[in-house]
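Here the structure comes first, spelled out in C-alpha cells, and everything after it is commentary.
Nothing in this text is a laboratory measurement; each read-out follows from the coordinates by a stated rule. Everything numeric in this text was worked out from a predicted model, so none of it was measured. We place every Cβ from the backbone using ideal geometry, glycine too, and count neighbours over all the protein chains shown.
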Amino acid sequence: MNFFVNEGLAAQGSGIEHAQVQRGKLFRKNGQSFKIVTRVYNANGHRDLLAWQLNDAEVINMYDYYEGTEYVPDRIVTAEDVEWGGRPVAVVEPMADKPETFMAFEDIERTRFLGRIHVDLEHENRVTMVEVFEHFGNLFRVDTYDSRGFISRQQYIDPDGTPNTNVFVDRQGRPVIEEFLRRKGPRMSETLLMNRQHIDAQNQLADNARMSGQPFEAKPFEAPQFVNFIAGYRLIKRNGMTYIFDSFDELTAEFVNDLNNDFYSAEQPNVFIMDRTTAADEGLLHMDRPAYIGFHLHNLHASDTRDVMTTDENNNYEFDFMHMNDYQAIISAMPRQTADVVARYAPKATPFTIPVGVVPAEIREANRVPMADREPNSVLMIVRRAPDKRPAAVAEALMIANQKQPGLNAHLDVYGYFDNTGNNKTNKDLINLFDKYGLPKPTMLNEKGEETTDINEVRRLDSPVVTLHDYVTDRDELYAIHRSHQVYGLASMMEGFNISMMEAMSNGLPGVSTNVNYGPNDLIIDGENGYLTAWAPEGQEDEFVSEMADRFLELFNDPQKLQTFSDAAYDHSDRYYEENVWQAWQGLLDDANKRWPAMAAQAPALSNVGVGEGGTTMTAYTLGQRADEVTINGVAGVTYFAAN
C-alpha cells in the first residue's frame, strides 16, 4: 500500500493537503492504491472527503482505524433520535434564541432535565454533540457524534465541571482510546510565561482597538490556580491487548506500526511518504517490520532563503535531517532544491525530484482564454492568508502602480482561508496601507458577511484595489477564477513549490513574484512567462514593491507582451502534465520494488501474543491482513459495516 502521511485532512487545506490529493488522484488514474494517513480526530472527517473528491477507502484515520469505523454507511440522526440510556423522553424542543440547540426533558412539566442537543443546521439538522445531565442537574458527559450518525467520542466531566477523560468508542460503545485529562498547580516558570503572554495579548488588543477606533481598558493578570494537561493515553485493540502511552506521538507510532503490519506483504513494499513530517517521523523509524520511507520536502529546508547551504534547518525538518540516512528516499519538488540538498547533506537516501502539483486533464484540455477576454489589469493570489505569504506586499505594489498611472485601476483578488497569525497581522498590514497611500478605508466584513469595525472579527475586505475572498473548494469555480484574471502575484517569505501558482499559470496567467526559493523561481522563466523581482525579508518589503509595481505596469500597458507571456505560461505548464509527474513517481516506486527483496529478508518473525475475540490466541500484529486491499474502486471496493 502507498501511504501519504499527514496530521489531518479538513475541508479547507493548505498546499500540502492539495499536493497529497493531487498525487492520490494521479495514483488512482494509474491503477495504484493509496491511503492518506491522518491522526487528528475529526468528527466531520468523512464529510470533508467530499470536498476533495476522495472516497472512504483512500483516507485512513487513526481513530477510525481503532474504532473500526473506516467504512460506515451514512445515517442522519436528528434531535428526536437521540437515546438517553433508557431514561424516558417526553419533550425535545429547540431553544427560542438558539435554533441549533435543543433541550430534552423526561417529563411534560419540564422539571427533569436530560440534556442539550446541538445540531448542524446546514447539514439536515444532524446531531453534532449532546450534553448529558444526571438526575441532580449536573453535566457529567458530552457525546460527540460522527457526521455519519453515531457517537465516536465521550467526554466525562467531574462534579466541579472539569473534563477528566476523553473516551473514543467503537460502534458498540466499547472504549478504544482513552485520553486522560488532569489538573495541576502551575510552576513558577509557567506562571511567568502566562503573565508574559497576557501582557502581549493585552498590547495586541489595545492595538486592535486603536485601529478600530474603539475604547480599550487593559485587564490585570490573574494567575490560574490550576492548569489542564493530558497525562497519557490508553489504547485497547480489538484483540484484547491494552497499551499505555505517555504522549500523542507514542500513540501515533503504534498506529503506523499497526498499519505497516496490517498491510504488510513479503512480495511488495508498503511505501510511506512523509508529507507532514511532524505527524509520524519518529514512529516510522521504529516499526517492527521494514517499509520504504520517503521524506518529502514541501518547503525550504533551511531557515533563510538567501542562504540554503549553511543556515540552520527549517525547524519542521530538523529531526528528519538528523535521521535522513535512515530513510530510503528524499523528495523535493524542484531540481534546484534536490541539487542543494544533495550538495549540503550528501544523503544515503536516494534523491528524487517530483513536482507536487499536477495539471489535470480538465485544465489541459480547456480552451485557452485570451488576455483581452479577461478582467483588465487584474491580479490574483490564492494563498493561506498569513503573514509569511505577504498579500499586503502585492497589494502595495498595485497601489503604487495605480498611483504612478492614474486611471489604471489595477485590482488584487486574494482567495484563501483566514490565518490570524501575529494577531491578525495580514489584515492589519493591509488596512494600514490604505492610510499610507491616502485611500478610502475598505469595507470590513466578519465571518457572516456583515460589516464590522472590529479588527478581531475581520475575515474579508472589499475595496477598489484589493478584495479578500473566502476559501474556494469547488475546482470548477476555482479554474473559472483563474481564467478571469490576467496576472498571478506572489511575495512569499519562503516556498517549496506553490501549487496555486502552477495551476494559475496552467490557466494562462503570467506570474510576477519575488525571487524566492523554491518554486516561484522555477515556475517563472524570467522575461518569458513572468517576472522575478528582488526578494527581501519581513519588514523590508520597500526593497521590492516598487519593482513589482513596475512589472505590473509593464504587462498591463503592453497587451501584446501580456498575451505572449500568457501563451508561454500555458506552454511551459507541460512540465506538470499528468504523464510527466507520474513518470517521476514511477521512478520512486521502481526503486522501492527494487530494494524490497533485500529489505523483506530482514523482516523479523512476530510472535503470537494476546487473547483474541472468543478467547482464542491470536497475533497482536495480524489485525486483518489487508495487503491485498484495493482503494481505486472507491466504495465498491470496500466493505461497509452496519452497527451490530
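May I ask you to give the average projected area over all directions of the convex hull of the Cα atoms of the stretch 39-165, in nm² rounded to one decimal?
Details: hull surface 36.0 nm².
Orientation-averaged projected area of the Cα hull: 9.0 nm².
In straight Cα distance, which lysines are under 29 Å from K25, not counting same-chain residues fewer than 8 positions off?
Leaving aside lysines fewer than 8 places away in the same chain, those within reach of K25 are K35, K389, K594.
Report the relative contact order of the stretch 361-576, percent, no decimals, based on alpha-carbon pairs under 8 angstrom and at least 6 residues apart. Walk me through the numbers on the way to the answer.
Values: 391 pairs, mean separation 49.5, N = 216.
Normalised by residue count, the contact order of the stretch 361-576 is 23 percent.
Quick one: Cα convex hull volume of the stretch 151-282, Å³ per residue? Don't jump to the answer; show the numbers that get you there.
Working: hull volume 28.3 nm³, N = 132.
In the stretch 151-282, the Cα convex hull volume per residue is 215 Å³.
Stretch R110-D474 to full length: gain in nm at 0.36 nm per residue minus the Cα-Cα span? It would help to have the intermediate numbers written out before the result.
Values: separation 364, 0.36 × 364 = 131.04 nm, distance 4.56 nm.
Here the segment from R110 to D474 would lengthen by 126.5 nm.
Using per-residue counts of other Cβ atoms within 10 Å, averaged over each peptide, order 135-143, 418-426 from highest down. Walk me through the numbers on the way to the answer.
Details: 135-143: 14.0, 418-426: 18.1.
Going by the mean number of other Cβ atoms within 10 Å, highest first, we get 418-426, 135-143.
What lysines does K98 reach when the alpha-carbon gap must be under 27 Å and sequence neighbours fewer than 8 apart in one chain are set aside?
K448
What order do you get for 107-114, 282-289, 267-274, 590-597 when each peptide is scored by the mean count of other beta carbon atoms within 10 Å, highest first? Please list the in-between numbers first.
Values: 107-114: 13.4, 282-289: 17.1, 267-274: 21.6, 590-597: 15.1.
For the peptides 107-114, 282-289, 267-274, 590-597, the packing ranking is 267-274, 282-289, 590-597, 107-114.
What shape does the stretch 208-299 have by the C-alpha gyration tensor, where a ≥ b ≥ c are the square roots of the eigenvalues, rounded means a/c under 1.5, and otherwise prolate means a/b greater than b/c and oblate the rest?
Details: a/c = 4.56, a/b = 1.93, b/c = 2.36.
Verdict is oblate for the stretch 208-299.
How many percent of all Cα-Cα pairs in the chain sit more than 49 Å apart? Present the calculation step by step, with values, prior to reporting the outcome.
Working: 39499 of 207046 pairs.
Pairs farther apart than 49 Å: 19 percent.
Could you grab the relative contact order for the stretch 119-187? Cα pairs under 8 Å, six or more apart, rounded to a whole percent.
Values: 123 pairs, mean separation 12.4, N = 69.
In percent, rounded to a whole number, it is 18.
What percent do you get for the relative contact order of the chain when only Cα pairs under 8 Å and 6+ apart count? Each step should come with its number before you reach the end.
Values: 1246 pairs, mean separation 90.4, N = 644.
RCO, the chain: 14 percent.
For the stretch 252-347, state which trypsin sites (Lys or Arg not before Pro) are in a DSSP loop and have at most 12 other beta carbons lying within 10 Å of their beta carbon.
On the way: sites: R276, R306, R336, R344; in loops: R276, R306.
For trypsin sites (Lys or Arg not before Pro) across the stretch 252-347 that sit outside H, G, I, E and B with at most 12 neighbouring Cβ atoms in 10 Å, the list reads R306.
Between V37 and residues 5 or more places away or on another chain, which pairs have amide H atoms under 5 Å apart, with H built 1.01 Å from N, and which residues are they?
F4, V5, N6, I60
Counting only DSSP beta bridges with both residues in the stretch 361-576, what percent are antiparallel, rounded to the nearest 5? Let's see the in-between values first.
On the way: 4 of 24 bridges.
Bridges in the stretch 361-576 are about 15 percent antiparallel.
Restricting to bridges with both residues inside the stretch 431-556, how much of the DSSP beta-bridge set is antiparallel, in percent to the nearest 5? Could the numbers behind the result be given before it?
On the way: 4 of 12 bridges.
About 35 percent, rounded to the nearest 5.
Report the gain in length on full extension from E93 to N203: 0.36 nm times residue separation, minus Cα-Cα distance, nm rounded to one decimal. All intermediate terms of the calculation are to be shown ahead of the outcome.
On the way: separation 110, 0.36 × 110 = 39.60 nm, distance 4.38 nm.
Residue separation times 0.36 nm, minus the Cα-Cα distance, leaves 35.2 nm.
Only bridges with both residues in the chain count here: give the DSSP antiparallel percent, nearest 5.
Numbers: 54 of 97 bridges.
That works out to approximately 55 percent antiparallel.
Through the Karplus equation 6.51 cos²θ - 1.76 cosθ + 1.60, θ set to phi - 60°, convert the phi angles of the stretch 438-448 into ³J(HN,Hα) values in whole Hz; use x for Gly and Pro.
Taking θ as phi minus 60°, the curve returns x, 9, x, 4, x, 6, 9, 10, 8, 5, 8 Hz for the stretch 438-448.
Under 18 Å from a point placed 7 Å out from the Cα of V342 along the Cα-to-Cβ direction: which residues of the stretch 578-599 have their backbone N that close?
Hits in the stretch 578-599 for V342 at 18 Å: 584-592.
In whole Hz, what ³J(HN,Hα) sequence does the stretch 363-375 give by Karplus (6.51, -1.76, 1.60; θ = phi - 60°), x for Gly and Pro?
Karplus-based 3J(HN,Hα) across the stretch 363-375 equals 7, 4, 8, 6, 5, 6, 9, x, 4, 5, 9, 9, 4 Hz.
Choose one of L193, T69, T101: the residue whose Cα lies farthest towards the positive end of the charge dipole of the chain (beta-carbon charges +1 Lys, Arg; -1 Asp, Glu; about the Cα centre).
Farthest along the dipole direction, towards plus: T69.
Using just the alpha carbons, could you tell me how many Å³ per residue the convex hull of the stretch 361-576 encloses? Could you put the intermediate results ahead of the total?
Details: hull volume 24.5 nm³, N = 216.
Convex hull volume per residue, Cα atoms: 113 Å³.
With θ taken as phi - 60° and the coefficients 6.51, -1.76 and 1.60, list the Karplus ³J(HN,Hα) couplings across the stretch 22-38 in order, rounded to whole Hz; mark glycine and proline as x.
The phi angles translate into 4, 5, x, 5, 5, 4, 4, 5, 9, x, 10, 6, 7, 9, 7, 9, 10 Hz.
Take the alpha-carbon positions of the stretch 111-222, form their convex hull, and give its projected area averaged over all directions (one quarter of the hull surface) in nm².
Numbers: hull surface 48.1 nm².
Result: 12.0 nm².
Could you state the principal axis extents of the C-alpha atoms in the stretch 290-338, from the largest down, to the nearest angstrom?
Computed over the stretch 290-338, the largest-to-smallest principal extents equal 38, 22, 14 Å.
Determine the calculated [θ] at 222 nm for the chain from helices alone, applying -39500 (n - 2.57) to every DSSP H run no shorter than 4 residues and normalising by the residue count; nearest 500 deg cm²/dmol.
Numbers: 17 runs with 194 residues, N = 644.
My calculation for the chain gives -9000 deg cm²/dmol from helical runs alone.
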